[in-house]
Amino acid sequence: MNGPILAAATFAIAFSLAAPDSTQAAGGAKAASEILGRVSASRIAVISDGDFLAQTYGTAELAPREAGYRDLLTIMSQAENKIVTRSIPISNSVTSAPEILALTKDGRTAFVTERLGERPEGGKRIGDLPPGRRLFAVDLSDSAPRLSATIEIEAFPEALSISPDGESIAVVSNTPEASFVQIVAYRNGRFGHLARFDLADLGVTGSAPAPRGGVTATNVHWHPSGHFLAVNINTQSRVAFFEVIGADDAPMLRPWGNVVKVGADPFVGRFTPDGRHYLTANWGRNFAATNLEGRIPQTPSTISVIKLANPAESHRPARHNLVGAAETDFSSEGIAISPDGRLVATVNMRGTAFPPGSARFHRNASVTLLSFDPATGAISKRADYSFEGVLPEGGAFDRTGDHFLVTVFQGHDGSLPEAGPGLEVFRVEKGDRPTLSRLGRVPLPHGAHHVDLAP
């Protein structure tokens, strides 16, 4: 949950496996097979933060070492009617948007970045965690995942996105001095050239009495054509678009059209599959507040729809326009768009961010399902679907759009395993009146905060 109590920093809210490398056993294997066996994906990747507890945002205290939690990348795949689970320790942090994990289309590589680094010996509080500075590539081509490459990038990376051809990774970082877009080449299992671009040099500036003039970039997303990037500036409620030009080993960025004002606090965003629109999930937080109660809004989050300029009309100045909006539910984080572009879902924490003694505490989180018209950009809310769990963040549709998967960070005290950390899985009922129906939860390591699927 990006920064509920720390005004100067961008923070995100964001089953123990029997062994790091194993198939799930007994009833867990049956439940996982029954649920995930329906999902259309060659691989499912989930990233988990082992340093934070849900209450860390109120107490600043990290999870106790004796709890045995670890930063993990968990990979699930189907083999011989079993769900095979493999995991690898990978440093990551829930103190960012649920955008720090992505799989290549062929499912052979996972990329992860860390907003905060690994806990040092004796580290017990948030302030003990060093700035994150690394981008990781994990090779998934063999039976066991393997760290294949690491590169140092600008500190405090917030989000990443893979180019459509899988050969470039875009990352946004917010250092105390500047906000950066970085493009890293990746070929043959190795990172190559790293290009850095200061957003201020690209015309994205601020005059607020805050770090970087009040500019904080929390999302980057690659256009389906591979020629453009979108960057969310959530502290200014704006989205900037850039054209990627030049050779792959020496890319350049230049502004593409106008910066667009959207709803308050556009934490994350997505291009539609056809590349005609860009959607933002707007959390709506109060960045001037210094505590949880003041930071988290008491009004529903929203979605904004931007109609993009037509790249084919190069004879005209590019002009993007805000064309639609809709309410979702309280405190949304993740957003996903179905492969056919006709459904949108947001993952909403509701009041699960508050301690149980708070008047604003809510035991259930939710998913909001919305209908979207790819031709006109019209968007309308269908319904909210509640489920038990603390601080869900990331979500993703499967290859056919028939299922939607949501990460759950942890369960409530005393909750059963089926209501603990894991993947909440829904069946998508399509048609004129689309709905969601719950299939169940697949238990996963503590701290699950983002999920991605390979077709």
Open item on the list: Suppose we filter the stretch 47-89 for residues that are among the charged types (D, E, K, R) and more than 28 Å from Asp398 (Cβ to Cβ); how many remain?
Closed with: 4
Open item on the list: Considering only residues that are small (Gly, Ala, Ser) and open to solvent by less than 20 Å² (accessible area, probe 1.4 Å), which ones fall in the stretch 405-437?
Closed with: Gly411, Ala419, Gly420, Gly422
Task: Scope the stretch 311-344; condition charged (D, E, K, R) and either open to solvent by 70 Å² or more (accessible area, probe 1.4 Å) or more than 22 Å from Ala97 (Cα to Cα) (or both); matching residues - done: Glu313, Arg316, Arg319, Glu327, Asp340, Arg342
TODO: Please note which strands (runs of 3 or more DSSP E) are completely contained in the stretch 213-291 and include at least 2 residues that are under 19 Å from the mean Cα position of the chain (by Cα) and not charged (D, E, K, R).
DONE: 217-222, 228-233, 238-245, 266-271, 277-282
Open item on the list: Looking only at the stretch 129-155, how many residues end up being over 15 Å from Pro89 (Cα atoms) and surrounded by 15 or more Cβ atoms within 10 Å (Cβ to Cβ)?
Closed with: 8
Task: Considering residues of the stretch 124-155 that are among the small types (Gly, Ala, Ser) and modelled with pLDDT under 95 only, the residue nearest to Asp398 (Cα to Cα) - done: Ser141
Task: Matching option when the condition is of a type in the set (A, V, I, L, M), within 22 Å of Gly37 (Cβ to Cβ) and more than 18 Å from the chain's Cα centre (by Cα), among Val408, Val425, Val451, Val442 - done: Val442
Task: Criterion (at pLDDT 95 or above, under 15 Å from Met349 (Cα atoms) and in a strand (DSSP E or B)) met by exactly one of Ser386, Ser380 - done: Ser386
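The values are calculated or read from the model by the stated rules, or taken from the named source; none is laboratory data. Remember, predicted model here, so these are calculated numbers, not experimental data. So basically every Cβ, Gly included, is an ideal-geometry build from the backbone, and we count neighbours across all protein chains shown. Accessible surface is based on the protein model in full, side chains and every heavy atom, while ligands, DNA and RNA are left aside. Shrake-Rupley method; radii C 1.70, N 1.55, O 1.52, S 1.80 Å.
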